[in-house]
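Let me begin by presenting the structure, written as structure tokens, before commenting on it.
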Amino acid sequence: MIILDGKNLSAKIKDEVKADASSYKKTPLLAVILVGEDEASKIYINNKRKACEYVGMSFLLIHFNDGTSEDKIVKKIKSLNKDESINGIIVQLPLPKQYNKDRLLNTISPEKDVDGLGNYSQARLLSGNPNFVPCTALGILEIFDYYKINLEGKNVCVVGRSNLVGKPTMLMCLKRNATCTICHSKTKNLSDYTKNADILIVCTGKKHLIDESMIKKDAIIIDVGITKEDGVLYGDVNPNVDNKCSYKTPVPGGVGPMTVCMLLKNTMIAYKRQNGIKDEE
Ligand code: NAP
């Protein structure tokens, strides 16, 4: 079994983004909106800040207390939309439950929606002509590219159907001519689908949901899920698949680092579009 090493690949891509960012006079800037005090969100934001610093991008954190009026946050996002020094804007999820996530995400202007979660970006993805692709899906594609995994004609099964991960990943695989199946918590006899997959992408957040008996021999496994128990991170895939699959992303060190690095890439794309610089890819 070959490990699909997202840690090393993301380091390589970060160095490429760093070289790219340093070739322009103006510094790209990513703005992150955090509402409330979610501890995991703070860790993710800190990782994003460190990644931005590493590649020479500016990072602006706008932290609202839980209880701030939604209108006030909307007003702030609108002012960030107009601010020419800001290239990308993200709202860190999850939001405290009283906030309307869709309203906040859809206030971000499509030109700065570097997480690709607004309706405009999601619709463009559905139409096969993406604006910004959500970072985890993009990170998975980068792994396929780097390891020369061709999706054309392959049976891809995605377990999980969120707008954040499952659906965009399935749509990007479809765009690459895979035959796609998407499963979720109401799917009956999950293994009937997973066993048929040449490439199995699991994004449920259910520790070790998939085991060896549920995969095809020599399948390629992309394990997106993260469950933290007693300080240890677990994926959605049981390690007993190791003797049966051909490739696998580890947890940690697989998809996770790729996601952060794709946010940098999307911010760079936004920067170039906003500054009329061609050659996006
Ligand atoms: P989510 O919104 O909770 O979606 C989870 C999906 O899994 C849902 O579609 C759900 O089905 C499905 N599901 C749950 N239990 C299932 C089961 N027993 N069998 C089949 N499907 C099941 O979560 P998310 O935001 O997509 O994130 C998924 C996981 O990926 C989480 O662990 C998250 O931490 C991780 N994640 C990792 C990265 C990374 O960079 N590595 C990035 C983002 C997220 P229903 O739709 O029917 O409820």
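The values are calculated or read from the model by the stated rules, or taken from the named source; none is laboratory data. Treat the numbers as computed from the prediction; the structure is a model and nothing was measured. Positions of Cβ are generated from backbone atoms using ideal geometry, with glycine treated the same way; all protein chains shown enter the neighbour counts. The accessibility values were calculated without ligands, DNA or RNA, using every heavy atom of the protein model including side chains. Shrake-Rupley method; radii C 1.70, N 1.55, O 1.52, S 1.80 Å.
Below are the figures for this structure:
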quantity	calculated
Candidates Ser58, Ser127, Ser69, Ser121 - the one that is at pLDDT 95 or above and buried (at least 21 other Cβ atoms within 10 Å of the Cβ)	Ser121
Filter result for Leu141 (within 14 Å of the ligand (Cβ to nearest atom) and surrounded by fewer than 23 Cβ atoms within 10 Å (Cβ to Cβ))	yes
Any hit, segment 4-15, residues being of a type outside the set (A, V, I, L, M), buried (at least 21 other Cβ atoms within 10 Å of the Cβ) and either farther than 14 Å from Val260 by Cβ or touching a Ser or Thr at 6+ places or on another chain (Cβ under 7 Å) (or both)	yes
Residue in segment 198-207 that is small (Gly, Ala, Ser) and more than 9 Å from the ligand (Cβ to nearest atom) present	no
Members of segment 243-281 that are more than 16 Å from the ligand (Cβ to nearest atom), open to solvent by less than 20 Å² (accessible area, probe 1.4 Å) and not assigned by TED's automatic domain parsing to the domain that holds Cys203	Thr267, Met268, Ala270, Tyr271, Lys272
Strands (runs of 3 or more DSSP E) enclosed by segment 169-281 - at least 2 residues per element that are at pLDDT 95 or above and in contact with a strand residue (DSSP E or B) (Cβ under 6 Å, 6 or more places away or on another chain)	179-183, 199-202, 220-223
Residue in segment 93-132 that is farthest from the chain's Cα centre (by Cα), counting only those that are polar (S, T, N, Q), assigned to a helix (DSSP H, G or I) and outside the structural domain of Ser69 (by TED's automatic domain parsing)	Asn119
Which numbered condition Ile220 misses (of (1) away from the ligand (no atom under 13 Å from the Cβ); (2) open to solvent by less than 60 Å² (accessible area, probe 1.4 Å); (3) more than 21 Å from Glu142 (Cβ to Cβ))	(3)
Members of segment 226-242 found to be surrounded by fewer than 24 Cβ atoms within 10 Å (Cβ to Cβ) and more than 10 Å from the ligand (Cβ to nearest atom), listed by number	Glu229, Asp230, Gly231, Val232, Asn238, Pro239, Asn240, Val241, Asp242
Qualifying residues in segment 208-217 (those that are among the hydrophobic types (A, V, I, L, M, F, W, C) and within 14 Å of the ligand (Cβ to nearest atom)) - the one least open to solvent (accessible area, probe 1.4 Å)	Ile210
Test for Ser41: is it more than 21 Å from the chain's Cα centre (by Cα) and in contact (Cβ under 8 Å) with a residue 12 or more places away in the chain	no
Test: residue in segment 78-89 that is touching a Gly at 6+ places or on another chain (Cβ under 9 Å) and outside any helix (DSSP H, G or I)	no
Residue list for segment 175-197, filter: within 12 Å of the ligand (Cβ to nearest atom), among the charged types (D, E, K, R) and over 16 Å from Arg161 (Cα atoms)	none
Sole residue being more than 9 Å from the ligand (Cβ to nearest atom), at pLDDT 95 or above, open to solvent by 10 Å² or more (accessible area, probe 1.4 Å) and in a loop (DSSP other than H, G, I, E, B), chosen from Asn150, Asn163	Asn150
Any hit, segment 45-52, residues being part of a helix (DSSP H, G or I), under 30 Å from Ala219 (Cβ atoms) and not assigned by TED's automatic domain parsing to the domain that holds Ile140	yes
